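Undergrad: Mind looking over this structure? Questions follow.
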Amino acid sequence: MKEQLIKAMQRNKFINMMYMAKDGTVSKRRIKIIKIVGNSFQAYCFTRQAKRTFMVDSVLAVVPIIHKGRSVV
């Protein structure tokens, strides 16, 4: 999982993440990773509209967000 997070950070990508909090609740977050330090990472969470710190071990799934451009002819 950490490798996927590192790639998303290096490529400056937005990702959707399924995350399990300490109390066991699962949430879906749209994030942009700012930095990864050890077993945690800091990201801007668009769901909460704030910077948050997450634990790598609590990430259940990661899906990159692909923006498809629309062109007007």
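The values are calculated or read from the model by the stated rules, or taken from the named source; none is laboratory data. These numbers were taken from a predicted model, which means no experiment stands behind them. Every residue, glycine as well, gets a Cβ built from its backbone with ideal geometry; the counts of neighbours run over all protein chains shown. Ligands, DNA and RNA are excluded from the accessible area calculation, which covers all protein heavy atoms including side chains. Shrake-Rupley method; radii C 1.70, N 1.55, O 1.52, S 1.80 Å.
Undergrad: Having 1 or more residues that are in contact with a helix residue (DSSP H, G or I) (Cβ under 7 Å, 6 or more places away or on another chain) is the bar; report the strands (runs of 3 or more DSSP E) wholly within the chain that clear it.
TA: Passing ranges, in order: 14-20, 26-37, 40-45, 59-64.
Undergrad: A further question follows. Would you pick out the residues in segment 29-62 that are farther than 15 Å from ASN12 by Cα and open to solvent by less than 60 Å² (accessible area, probe 1.4 Å)?
TA: ARG29, GLY38, SER40, ALA50, PHE54, VAL56, SER58, VAL59, ALA61
Undergrad: Here's a follow-up. Can you tell which of LYS2, LYS28 is modelled with pLDDT of 95 or more and among the charged types (D, E, K, R)?
TA: LYS28
Undergrad: Do you know which residues across segment 15-28 are open to solvent by less than 70 Å² (accessible area, probe 1.4 Å) and not aliphatic (A, V, I, L, M)?
TA: ASN16, TYR19, GLY24, SER27
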